[in-house]
Amino acid sequence: EATLGAAAAQSGRYFGTAVAVNRLNDSAYTTILNREFNQVTAENEMKPDALQPNRGQFNYTNGDRLVSHARSRGMKVKGHTLAWHAQQPGWMQSLSGSALRQAMIDHITNVVTHYRGQLDSWDVVNEAYADGGGGGRRDSNLQRTGNDWIEVAFRTADAADPNVKLCYNDYNTDNWNDAKTQGVYNMVRDFKQRGVPIDCVGFQTHFTGGSNYPSNYRTTLSSFAALGVDVQVTELDIRNAPADAYRNVTNDCLAVSRCTGITVWGIRDSDSWRSSESPLLFNGSGQKKPAYDAVLTAL
Ligand code: XIL
């Protein structure tokens with residue numbers, strides 16, 4: 001197949017990208033987006049600070065623009081993200097305790113209801129686990145509302161749209177032996193055992209180079225999948241875009257039947273949040289890099 005999306009579709013998967021909505025005005029950008037990708041995630045426009053800048057005042061303009069661009073072209077959309085310690089609006093950052101808990105619930109209900117029936121999945125909770133050796137929760141204002149906040153977020157989203165897939169998303173969960181990976185795994189296993197509605201786990205996969213790619217990445221994906229959830233590579237970028245590492249990630253996803261898709265975190269290197277590292281599949285002129293060919297061949 002000649003494009004990433006079409007190649008991924010041969011095995012029933014998607015190949016997506018993060019989209020910065022203001023770049024939809026750049027025709028070089030949009031040409032690649034529409035040609036290569038069949039899934040999108042809003043890079044920033046569906047985060048809490050973007051959607052609810054003032055309490056009770058929702059701004060869906062940019063999110064709606066992306067959803068309509070994608071849906072009119074048959075692309076899947078992942079909503080990103082409902083509950084996160086970062087990119088909260090200032091008013092939310094200043095809350096705590098039951099007031100913050102209620103604000104989280106109200107945000108999730110309003111946003112999931114707005115997009116009901118239009119999205120493939122939601123990142124319900126993003127980055128709730130701590131780095132390092134402990135394998136425990138990250139401290140945050142949301143965690144301080146009570147250890148059940150993640151479960152409450154998933155139940156609230158499920159009540160607002162019973163059909164959209166509900167995902168947990170995190171980084172540094174790639175190496176099966178890391179405490180953080182095990183912490184998230186134990187949470188997902190517990191949720192499945194107790195019937196908390198969770199459908200998918202996203203692995204951001206922001207690698208700092210080829211050496212950062214763990215040889216047990218496939219074990220990580222298959223172990224989570226064995227719990228009865230879909231797994232997805234959700235924010236892929238790799239410093240200097242080594243073709244081998246991109247090929248390995250692609251092959252590992254394809255080896256796991258419940259690995260349903262791969263999303264890169266931007267189109268051209270110049271679009272990347274890590275642009276100085278040139279971590280993506282297209283250079284700043286929109287030309288395909290060796291990593292692109294490696295991925296396309298592997299798909
Ligand atoms: C990043 C965006 O790419 C940047 O534009 C923004 O300034 C900060 O957030 N993990 C995530 C993404 O889940 O939402 C982050 O996106 C990258 C790390």
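Every read-out reported here was derived from the displayed coordinates using simple, explicitly stated rules and does not represent laboratory data. Here the structure is a predicted model, which means the values were calculated and not measured. Here the Cβ is made from the backbone with ideal geometry for all residues, glycine too, and neighbour counts use every protein chain on show.
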Odd one out for ASP269 among (1) of a type outside the set (A, V, I, L, M, F, W, C); (2) under 23 Å from LEU166 (Cβ atoms); (3) within 16 Å of the ligand (Cβ to nearest atom): (2)
Matching residues in region 18-56 - criterion: being exposed (fewer than 15 other Cβ atoms within 10 Å of the Cβ) and within 15 Å of the ligand (Cβ to nearest atom): ASN22
Residue within region 96-109 that is among the polar types (S, T, N, Q) and crowded, with 22+ Cβ neighbours inside 10 Å present: no
Residue among VAL188, VAL196 that alone is buried (at least 17 other Cβ atoms within 10 Å of the Cβ), at negative phi and within 18 Å of the chain's Cα centre (by Cα): VAL188
Matching residues, region 273-288, being crowded, with 20+ Cβ neighbours inside 10 Å and in contact with a Ser or Thr (Cβ under 8 Å, 6 or more places away or on another chain): PRO279, LEU280
Criterion violated by GLU235 - all others in (1) surrounded by 21 or more Cβ atoms within 10 Å (Cβ to Cβ); (2) assigned to a helix (DSSP H, G or I) satisfied: (2)
Lone unmet requirement of (1) under 17 Å from the mean Cα position of the chain (by Cα); (2) of a type in the set (S, T, N, Q); (3) away from the ligand (no atom under 14 Å from the Cβ); (4) loosely packed, with under 15 Cβ neighbours inside 10 Å for ASN59: (1)
Among the candidates ALA50, ALA7, ALA28, ALA18, residue that is in contact (Cβ under 8 Å) with a residue 24 or more places away in the chain and not in a helix (DSSP H, G or I): ALA18
Members of region 62-75 that are over 15 Å from ILE267 (Cβ atoms) and surrounded by 22 or more Cβ atoms within 10 Å (Cβ to Cβ): GLY63, VAL67
Helices (runs of 4 or more DSSP H) within region 133-227 that include 2 or more residues without any contact (Cβ under 8 Å) to a residue 24 or more places away in the chain: 179-194
Unmet requirement for GLN88, which otherwise passes all of (1) polar (S, T, N, Q); (2) away from the ligand (no atom under 16 Å from the Cβ); (3) crowded, with 23+ Cβ neighbours inside 10 Å: (2)
